[in-house]
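Working notes for the structure below.
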Amino acid sequence: MKDSKDEVIYVGKAKNLKNRVKSYFVGAHNEKTTLLISEIRDFSYLITNNELESLILEINLIKRYLPKYNIKLVDDKSYPYIKFSKGEYPRLIVMRSNTPTQKAFGPYPNGYSARMTVDLLNKLYPFRKCVTIPKKPCLYYHLGQCLAPCINDVSKEEYNQMIKEVTRFLKGDTKKVLDILEGNMYEASDNLEFEKANEYKEMINHINTTSEKQIISLADLKDRDIIAYAHNDENIAIQILLMRNGAITDTHQTIFSYIGDHYEAALNYIDQLYLDNLYIDELLFSNQFNLNDLEIRYKKKASIPQIGDKKKMVDLALQNAKENLENYFKIYQHREDINLEIERSLYELFSKEINYIEAFDNSQLFGSSPVSAMIVYKNHEFFKDGYRKFNIQTASQDDYQQIKEVIYRRYYRLLMEDKSLPDLILVDGGVGHVNAALSIIDDLRLDVMVAGMKKNKRHEFESLIFNGKEVELSKNSNLYKFFLKINEEVHRFAITFHRQVRFRETFKSPLDGIKGIGVKRKEKLINHFGTIEAIKEAKVEEIVKLGFSLKLAQKLKEELK
């Protein structure tokens, strides 16, 4: 489904396409579906040979277009796994994707936890760390954390034994690693290295805490996920219990609003999570799911238990899903109501839907180190990957010229790269600042609205400047608080950047900018000579002795003069 800009806003699949499309335009719907229908201007469709092909195609299209009305994983990534790389001396690594031929441990719902586990094991076991085997040993060899197969004839039996011990740890047998850590802790304590001993103690506590999280156990030592969901007219709560080595060690839960049928929405989320990354032994589903649908996706790995311990675990997942959904309304629904109110207020103010905002703020100190910063607000949250910084290159004390420069640089680049433009541009300032930005927008022939965030004498956000008029907002309104939040965030980002630039300028060295003189060579010069004056007075031969070529030493002397 596409909007008036021909952008994909929703991707869906159906056995009967006519009935599926018709269902959106008949009867009552929840608020999210109603918003979707109001934006649909066109359709396109693709035919596949079977249902499995349509599943894979749907996921690929969602990942490609990121439609705003589709259910998407929070970070658009699968869970991380821990595995040994291929090769003669494998490395222990964390990865986000996997192939069926490679043994992986996980998935870990917490990426930080997975990396910490790998860091810990790499400190205890001297596995190879380098991606490609170098010709000389690296720092890890000198730290005792690598056997250095690059220079040593490392025994395959010794290396494989380490792999077996780590495999046992990742499967749940932590005794060997705990014994090593305890030995290291007591040794450090005996040597009066109490900080190091405390680090080992924290590692032990981390492992013990992980072990204590096991609440249900089965004797088969398999890895499985237990999946259930609860729903109402607006939202779905997905609950997944993660069982590793026969014991539940963690959970994954999420709540999101959905379009159309709740069952299809739940399946869509599960598909994105597992269809490309199913390397566990078994998936247990609640009886809300259809076994035929599951077997198409996951073959014999999927089941819907009816009796016994597995049924009890599925019921536990369902109970948690219902509890999460109930708590969501108590805690978070108010936030959703506020977002909807702000959406309506923005539409009334600007006569169009506002989902994507870019806001600018300039910062300088008496004309020194002038900079500008831009933040992005998209789909009810700050999109920090879209934030940008600008070093001002034109008039340093002309605020209007600075705005013209950054607006031109930003949107000329977006035009050249054929990227999406924002629905609204906000600049920090009054009518003059807005007019300066609009002059560039007009020159570029863009159809983007510009508004100004006017501040009072206390430098606090006071009102909005739009269409040459000052729009007074009630300080108790959510719309005022919305613009205040944007104003404070862009100001914070600009001030932080300005301080960084000033700090750099304060500690700028005459050696900076000399071609061929990088950080390491600069450190070498300062460590040897002490001051810039001493380098100026030094003979070329003295500089050459530090490892510089004759040509570079001569160039250095000339530049400093």
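Every read-out reported here was derived from the displayed coordinates using simple, explicitly stated rules and does not represent laboratory data. What you are looking at is a predicted structure, and each value in this text was computed from that prediction instead of being measured. Neighbour counts are summed over all protein chains in view; Cβ atoms, including those assigned to glycine, are modelled from backbone coordinates with ideal geometry.
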Using only C-alpha atoms and all pairs of different ones, pull out the Kirkwood radius for the range 224-331 in Å with one decimal. 14.0
Restricted to the chain, the DSSP antiparallel beta bridge percent, nearest 5, is 75
Ratio Rg/Rh [Cα only; Rh per Kirkwood] for the range 465-561: 1.42
Point-to-point label distance, Glu417-Ser85, nm (Cα→Cβ direction, 7 Å offset): 3.0
Arg128 neighbourhood, Cβ < 10 Å, K/R = +1, D/E = -1, net charge +1
How large is log10 I(q)/I(0) at q = 0.08, 0.11, 0.12, 0.13 Å⁻¹ when the Debye formula is applied to the Cα atoms of the chain, each weighted equally and without solvent? -0.84, -1.24, -1.27, -1.29
At a 10 Å Cβ-Cβ cut-off, how would you order Asp385, Asp443, fewest neighbours first? Asp385, Asp443
State, as an integer percentage, the relative contact order of the chain based on alpha-carbon contacts under 8 Å between residues 6 or more apart. 8
May I ask you to derive the relative contact order of the range 342-505, considering only C-alpha pairs under 8 Å and at least 6 residues apart, and to give it as an integer percent? 24
At a 10 Å Cβ-Cβ cut-off, how would you order Ile517, Ile37, fewest neighbours first? Ile37, Ile517
Which of Leu325, Leu556 has the fewest Cβ neighbours within 10 Å, and the rest in rising order: Leu325, Leu556
Dipole magnitude (debye, nearest 20) for the chain, charges at Cβ of Lys, Arg, Asp, Glu: 1720
Using helices alone, I'd like the mean residue ellipticity at 222 nm for the chain: each DSSP H run of four-plus residues gives -39500 (n - 2.57), total over residue count, nearest 500. -14500 deg cm²/dmol
So for R0 = 51 Å, FRET eff. of His459-Ile526 from the Cβ-Cβ r, to 0.05, ends up at 0.80
What's the ranking of 14-21, 80-87 by average number of surrounding C-beta atoms within 10 Å, highest first? 80-87, 14-21
Taking the Cβ-Cβ separation of Asp337 and Lys175 as r and a Förster radius of 51 Å, what is the calculated FRET efficiency to the nearest 0.05? 0.50
Out of the range 432-495, which GluC sites (Glu not before Pro) are coil in DSSP terms and have no more than 13 other C-beta atoms within 10 Å? Glu460
Using C-alpha positions alone, give me the convex hull volume of the range 342-505 per residue in cubic angstrom. 120
